[in-house]
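Before any comments, here is the structure.
The values are calculated or read from the model by the stated rules, or taken from the named source; none is laboratory data. Nothing here was measured: the structure is a model prediction, and the numbers come from that model. As a convention, Cβ positions derive from the backbone with ideal geometry for all residues, glycine included, and neighbour counts pool all protein chains shown.
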Amino acid sequence: MPPSLRAFMWVISIKLVNFLEKMESDGFCPNRLSFLMILDARSGKMDIEEVRWLHCSIVGHGLEHDLVLATLLVNIYGKHDCFEDSWNVFSMLSVRDVVLWSSMIELFSCLVSGKDAQKLFEQMKQEGIMPDKVAYMSATDASALEENIKEGMRLHASILQLGSPIDDIQSTLLINMYGKCGEIYSALHIFDAIAEPNIITWNTLLGIHVHLGKCRDVFQTFSRLQQQGAMPNDVSFTIILSSCADFSRLKEGKMLHVQLLNNLFNVQVSVQTALIDMYGKCGSLKAAYEIFMEMEKQSVVTWTTMISAFARHGHCLKAMELFDQMEQEYVRADVITFASLLSACCYAGLLDEAYWWLDIMVQKYGLSPAEKHYECIVDLLGRTGQLEEAEALINKAPTLPTAVAWTALLGSCRNHVDVERGERAAISLLKTNPEESASFMTLSNMYFGTGRNDEGEILMQKMKNTHLSIASMPVMLE
């Protein structure tokens, strides 16, 4: 049997952890082809520790600079959301082709930011690598994420200059880019030029309408896609149900639910979760819980959605009980789950319990608090009158300050009549969110409510005359 065939047979019959040892004990030294076959056969089956172990073995055999192996490792690390590992593989290479660059640009878009992906795209060109179709697709995605219409239009022009016809995949990405940037007519122009849009393109258009808050267009597009013979899939139903949830369209949500049942559609977990979210946000908590209980399998997103629904309706204890059940089912909570639990504590005014959940999140689950978690604590501190502690947390928390946190503090200052702290919150809020004006209406009302009518009148007049310029506000409030 040829050595390469022997290697293939080992790949499919021996666990990875024993694979290389077995090969070497049989007198067969792993080579480039061996590792390529392993990565190809087991790329979707390895956990992150196996990937790192295999990576070390590739380095140990002197193959760390192989371009194809490196590209595969970059992509596999990316699928595990291990950006730093992908970047280490990429940065160690002195020679990189357009395929590797495209993979790395896509990972920047997915795991870092669209802005950084755009920078990497420009760096690729500066190093003399000419973008291909895939590279332009990754860069177009980055422009959509950043809602950078100028860069997106430039990329569109470059794609046209390639001279080859734009295929459906490129068209779909361009539709997404123009839509996310608010240029809906440009997106529709590209969409209408496609002879037979596939369901991915239809779903992209649906998602754009949701993104832009065009509820009526969402339903019209969903009807149109069915009239034109396209078959909606689980993504289609998830998108339109999310629109029903966001706009409290219970009637339409129920009709979609009936459609799913009547058509014997193989309802995926994602669609069932979207139904739970829709019913929960539309006030039908009982219907949401019935769907949850009928599911054969619930994902962490499903559990979190149900916990959030209980929290939204003021059932804090039920939300916490559901978390306990979740742990008993060995479903690992994520940062969003804990954000939902902290929101439940906010609705119920349970500060001590919120601190307890934050401690569980950090100590037991090893998760780092994000903006939402700290914002909940700031809100609770403010509600309980601990304004000094709330302001201190805003100033020292690693993910704060945010507009939400300052707004919560300002509201608490109004409720507890702390004008001086309210002034600081208002100034900080303006610096964080220059378009915010409601907060200064709150501050002016605080002035009037505490007998400082002259200052209230001055602030109101300044709001009318200067439209709240950042430069004028600190002086105005002195």
Only one of these is modelled with pLDDT under 85, touching a Gly at 6+ places or on another chain (Cβ under 9 Å) and not basic (K, R): M463, M441, M446. Name it. M446
Pair list, Cβ < 8 Å and 6+ apart or interchain, from the range 283-307 residues that are without any contact (Cβ under 8 Å) to a residue 12 or more places away in the chain and small (G, A, S) to residues that are buried (at least 20 other Cβ atoms within 10 Å of the Cβ) and not in a loop (DSSP other than H, G, I, E, B): A287/Y279
All but one of (1) among the acidic types (D, E); (2) out of contact with any helix residue (DSSP H, G or I) (no Cβ under 8 Å at 6 or more places or on another chain); (3) crowded, with 17+ Cβ neighbours inside 10 Å hold for D379; state the number of the condition that does not hold. (2)
Those residues of the range 156-194 which are out of contact with any Gly (no Cβ under 9 Å at 6 or more places or on another chain), aliphatic (A, V, I, L, M) and either outside any loop (DSSP other than H, G, I, E, B) or modelled with pLDDT of 90 or more (or both), in sequence order: A157, I159, L160, I169, L173, I175, I184, I190, A193, I194
I'd like the full set of residues that are without any contact (Cβ under 8 Å) to a residue 12 or more places away in the chain and in a loop (DSSP other than H, G, I, E, B), limited to the range 51-69. G62
Could you pull out every one of the helices (runs of 4 or more DSSP H) wholly within the range 309-423 that has 2 or more residues that are in contact with a His (Cβ under 8 Å, 6 or more places away or on another chain) and at pLDDT 90 or above? 335-348
Residues that are surrounded by 19 or more Cβ atoms within 10 Å (Cβ to Cβ) and modelled with pLDDT of 95 or more: does the range 195-202 have at least one? yes
Where residues in the range 318-372 are at positive phi and of a type in the set (G, A, S), which of them is surrounded by the most Cβ atoms within 10 Å (Cβ to Cβ)? G349
Every residue in the range 424-438 that is under 22 Å from I377 (Cα atoms), in a helix (DSSP H, G or I) and modelled with pLDDT under 75, please. T432
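This table checks each residue for (1) within 18 Å of K372 (Cα to Cα); (2) within 24 Å of the chain's Cα centre (by Cα).
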site	(1), (2)
F247	no, yes
L260	no, no
V271	no, yes
G283	no, no
K297	no, yes
A319	yes, yes
E329	no, no
S343	yes, yes
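Conditions tested, residue by residue: (1) polar (S, T, N, Q); (2) closer than 30 Å to R452 by Cβ; (3) under 24 Å from the mean Cα position of the chain (by Cα).
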site	(1), (2), (3)
I360	no, no, yes
H373	no, no, yes
P398	no, no, yes
T407	yes, yes, yes
G422	no, yes, no
How many residues does the range 262-296 hold that are basic (K, R) and either out of contact with any helix residue (DSSP H, G or I) (no Cβ under 6 Å at 6 or more places or on another chain) or in the same structural domain as L322 (by TED's automatic domain parsing) (or both)? 1
Filter the range 74-99 for residues that are surrounded by fewer than 16 Cβ atoms within 10 Å (Cβ to Cβ) and among the hydroxyl-bearing types (S, T, Y); the one that is farthest from the chain's Cα centre (by Cα) is S94
Residues of the range 215-266 being on the phi < 0 side of the Ramachandran plot, among the aliphatic types (A, V, I, L, M) and surrounded by fewer than 16 Cβ atoms within 10 Å (Cβ to Cβ), which ones? M231, M255, V258, L261
